[in-house]
1. With charges set only on the Cβ (+1 for Lys and Arg, -1 for Asp and Glu), what does the dipole of the range 161-346 come to about its Cα centre, in debye to the nearest 20?
2. Using 26 Å as the Cα-Cα cut-off, could you pick out the over-long pairs in Lys89/Lys163; Lys163/Lys196; Lys84/Lys366; Lys172/Lys356; Lys293/Lys366; Lys138/Lys203?
3. What full-extension length gain, to one decimal in nm, is calculated for His31 and Leu361 as 0.36 nm per residue of separation minus the Cα-Cα distance?
4. Treating the angle as unsigned and between 0 and 90°, give the value, to the nearest 10°, between the Cα long axis of helix 198-211 and the longest Cα principal axis of the chain.
5. With each label point set 7 Å from Cα along the Cα-Cβ vector, what nm distance links Asn314 and Ala337?
6. Could you calculate the FRET efficiency of Asn346 with Asp195 from 1/(1 + (r/R0)^6), where r is the beta carbon distance between them and R0 is 22 Å, rounded to 0.05?
7. Pop a pseudo-label 7 angstrom from the Cα along the beta-carbon direction at both Asp148 and Ser118 and give the gap in nm to one decimal.
8. In whole Hz, with x marking every Gly and Pro, tabulate ³J(HN,Hα) for the range 110-124 from phi via Karplus 6.51 cos²θ - 1.76 cosθ + 1.60, θ = phi - 60°.
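Values quoted throughout were computed directly from the atomic coordinates according to the rules given, and no laboratory measurement underlies them. From a predicted model like this one, the values you see are computed outputs, not experimental measurements. So basically every Cβ, Gly included, is an ideal-geometry build from the backbone, and we count neighbours across all protein chains shown.
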Amino acid sequence: MNILYVESSRSWGGQEYRTCLEINWLNAHGHQAWLICNPDSQVHSKASELGTRLVTMPLRSRVDPLCSLRLWKFCRKNRIDLLKTYSSKDHWICLPLFLCGIPLSRARCITDPIGSQSRAFVFKHGCSQIVADASVIKRQLVEKHGIDPAKIEVIGSAVDLEKFKPPRDRTKFRREIGLGDETPLIGNVGMIRPDKGQLELVKSAPLVFEKRPDARFVIVGQGTGILKRGINVRNAIDRAGLADKIIMAGYRWDTPNVYAACDMIVIASLRTEASPIVLREAFASGRPVIATKVGDIPEIVRHRENGLLIEPGNTQALASAILEFISDPELAAHCAANGLRYATENFSFDKMMDAKLRADLAVLRKKQGRESASRSSQDITSSGNN
């Protein structure tokens, strides 16, 4: 199967990383897959480092006839069977190609409202299938927007289990940031954005330090957008006088070492999360997790069984959960072991890709069926005329 992923984002995050992993997997398993992205973007530079098959093309606006023509020529030349998009902008960019007969699969990974009626219309009529990252997304699309449930496949994200599998060297990343093995280390991994809750994590830190002044926090990721939101988090840390206790490590490729170094991982998201990749990576790393009750997280994290659940935006509850894991290592180990077991049973990357391929092949079979029916109808009409 020949598949083209279109990604106009200039920033790099979990979605873009997952896209590259999918493309690399497809190319390693006998398929042909490409990523089209902007030439001067973080996506281009990071994807290049991952060895992803790339094609650069200016993807400036939703409606760009010249861009659509270039995409069409690429699809014709490379016999593209299926287009894949993750964002509204990319969906609109590919819409002319869908209308010209190329099947389009639209992924939906966030729980934000779709918004305008035009966007809902495109989900209903402007794609061949929708792949939802979590069941909560499918329910939202069906109940709020009237989209046919048969059009929506729920296929959760996955991770390379071997890459994160414990045990790993706990000390490597700790030495790099100047910490010993006994220091309680609370980790947060992911793109730095207001909805990811890093500012809430910073606000909770003084409450933790009151009882455990020896604890330290590390925030791994980078800010995005015009305002470079990482600066906002850095400024909050500086204003609180905590620059020596909350470390901002920037973007890291060696996230398995980061997870291994942390005593727990905090997912402090305020909204939009469907089923965060960080949760899957933390489980696969055998780390205890504290997460907010947003999106599909409560369907994965069972309170006090494989993690701790808190209300989003509640800094007191967040601090209490962190202190509970620090003071109760048996509970932390219990949650970590159950999380690892859950990851092993549910987060296999091969299983996820097999499920996506089955969904993609079903789309192609439907197209072939329609084309066959159309030819038969034309033959009947032609015979009648004769």
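1. Values: 26 positive and 23 negative charges, 105 e Å.
About 500 debye.
2. Those over the limit are Lys89/Lys163; Lys172/Lys356; Lys293/Lys366; Lys138/Lys203.
3. 117.6 nm
4. With rounding to tens, the tilt is 20 degrees.
5. Once both label points are built, they end up 2.8 nm from each other.
6. It comes out at approximately 0.30.
7. The modelled label-to-label distance comes out at 2.5 nm.
8. 10, 9, 4, x, 4, x, 5, 5, 5, 5, 4, 4, 5, 5, 5
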